[in-house]
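Values quoted throughout were computed directly from the atomic coordinates according to the rules given, and no laboratory measurement underlies them. Quantities reported herein were computed from a predicted structural model and do not represent experimental measurements. Cβ coordinates were reconstructed from backbone atoms using ideal geometry, including for glycine residues, and neighbour counts include every protein chain displayed.
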Amino acid sequence: MRITTFAVTTAVAAGVVGTLGAGTAAAVGPAPEPPVPGWVGVELSPQETAALAASPIPGLVDQAAPNDTVGLCPDPQSRLTWTGPLGWLPAQRMSGTIADAVTEAAAHPGGRVIIYVSAPTAEIPDVLHFYQRWSF
């Protein structure tokens, strides 16, 4: 199950990068230093974040990826709330969806998302991670 989930979410992440890279000047860049060993990712520009928000991809992630395999680290100024400790959280404990998080980031000046994919052997058990950034 874990390998299948990894394959599905990796395909979704590749679709995000492929879709956005095909229509832009390829401003998609490598993500900042991953917060956990075994993660790789991309940082989307504000324009790419807006394009992602306008696409069906975040909704597909919400529908296709099991909630316990998707993580979200909201911006400190996010309107999204959760029922747990501050910081990174499994998306199932958030008050909104991944689509909500991407749309919210796109609505802020300079808003962007960083998307990480983790290897099946990474120390945090989920597979796809979304980080919002606009206030710093």
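For the reader, a short list of remarks on this structure follows.
- Cα gyration tensor shape of region 37-80, rounded if a/c is under 1.5, else prolate or oblate by comparing a/b with b/c: rounded
- In this simple spin-label model, placing a label point 7 Å from the Cα along the Cα-to-Cβ direction at both residue 40 and residue 77 gives a separation of 3.4 nm.
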